[in-house]
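The values are calculated or read from the model by the stated rules, or taken from the named source; none is laboratory data. Computed from a prediction, not measured in an experiment: that's the story for all the values here. As a convention, Cβ positions derive from the backbone with ideal geometry for all residues, glycine included, and neighbour counts pool all protein chains shown. These area figures cover heavy atoms from the full protein model, side chains too; ligands, DNA and RNA do not enter into them. Shrake-Rupley method; radii C 1.70, N 1.55, O 1.52, S 1.80 Å.
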Amino acid sequence: MVKFFGGPLAGVSMGLSFWMTLLLSVTGMMTSVFIFSQVGMLVSRWYVEKHRAKNKPIFTKKSRKIVQIWQKFGIKGIAFLTPVIFSPVIGTIMATVLGASQRHILLHMLWSAIFWGVAFTFALHELSHLNIPIFHHK
């Protein structure tokens, strides 16, 4: 969430318009999604090999929770939670590893980026009218 929240925060603190801040936030997330949907399988193979080499279990409490989300909500659930919990990089790699097609990943991450981008950007633009130093650029 910090990474995705940082875009709107930076845009508002630099005095960018709502629409420019939203556009840059969504574009930033989608750039990460595009790149990491391409390399997601490479990362998956590396992760599995690393854990096998160290005799570590591949399924941990955390990975089981991710699989539960996937089984219950699919790519839509992963996409929805990506900006606020997983980060674009982790969410995209998870979706790739769990078998989502690149087309579905891009589509669902786009609506998620727009939804959360609007929510964060709107909230921060509304809060920017308060006298909080982080919102005021020089």
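Determine whether region 52-66 contains at least one residue that is surrounded by 12 or more Cβ atoms within 10 Å (Cβ to Cβ), within 20 Å of the chain's Cα centre (by Cα) and within 22 Å of Leu106 (Cβ to Cβ).
Start the filter on region 52-66 by keeping residues that are surrounded by 12 or more Cβ atoms within 10 Å (Cβ to Cβ), which leaves 63, 66.
Adding the requirement that they be within 20 Å of the chain's Cα centre (by Cα) leaves 63, 66.
Then keep just the ones that are within 22 Å of Leu106 (Cβ to Cβ); that gives 66.
There is at least one residue in region 52-66 that is surrounded by 12 or more Cβ atoms within 10 Å (Cβ to Cβ), within 20 Å of the chain's Cα centre (by Cα) and within 22 Å of Leu106 (Cβ to Cβ).
May I ask you to list pairs of residues, at least six apart or on different chains, whose Cβ atoms are under 6 Å apart, with the first in region 118-132 being open to solvent by 70 Å² or more (accessible area, probe 1.4 Å) and modelled with pLDDT of 90 or more and the second being outside any helix (DSSP H, G or I) and not charged (D, E, K, R)?
Pairs found: none.
So which of Ser101, Ser112, Ser63 ends up being under 12 Å from Met29 (Cβ atoms) and of a type in the set (Ser, Thr, Tyr)? Show your work before the answer.
On the way: Ser101 fails: under 12 Å from Met29 (Cβ atoms); Ser63 fails: under 12 Å from Met29 (Cβ atoms).
Just one listed residue meets the conditions, Ser112.
Mind checking which residues of region 3-34 are open to solvent by 70 Å² or more (accessible area, probe 1.4 Å), hydrophobic (A, V, I, L, M, F, W, C) and touching a residue at least 40 places away in the same chain (Cβ under 8 Å)?
Once the filter is applied, which keeps residues that are open to solvent by 70 Å² or more (accessible area, probe 1.4 Å), hydrophobic (A, V, I, L, M, F, W, C) and touching a residue at least 40 places away in the same chain (Cβ under 8 Å), region 3-34 yields Met14, Phe34.
Return the pairs, sorted by first residue and then second, in which the second residue is at pLDDT below 75 and loosely packed, with under 12 Cβ neighbours inside 10 Å, the first residue lies in region 38-53 and is part of a helix (DSSP H, G or I), the beta carbons are less than 9 Å apart, and the residues are 6+ apart or on different chains.
Sorted first by the residue in region 38-53, then by its partner, the pairs are Tyr47/Ile58; Val48/Ile58; Lys50/Lys56; His51/Pro57; His51/Ile58; Arg52/Ile58.
Scan region 78-94 and tell me whether some residue there is farther than 17 Å from Met109 by Cβ, open to solvent by 40 Å² or more (accessible area, probe 1.4 Å) and at pLDDT 75 or above.
Going residue by residue through region 78-94, those that are farther than 17 Å from Met109 by Cβ are none.
No, region 78-94 has no match at all.
Listed here are the residues, each with its yes/no results for (1) under 28 Å from Thr121 (Cβ atoms); (2) touching a Leu at 6+ places or on another chain (Cβ under 8 Å).
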residue: Lys61; (1), (2): no, no
residue: Val67; (1), (2): no, yes
residue: Gln71; (1), (2): no, no
residue: Lys76; (1), (2): yes, no
residue: Leu81; (1), (2): yes, no
residue: Val84; (1), (2): yes, no
residue: Val89; (1), (2): yes, no
residue: Ile105; (1), (2): yes, no
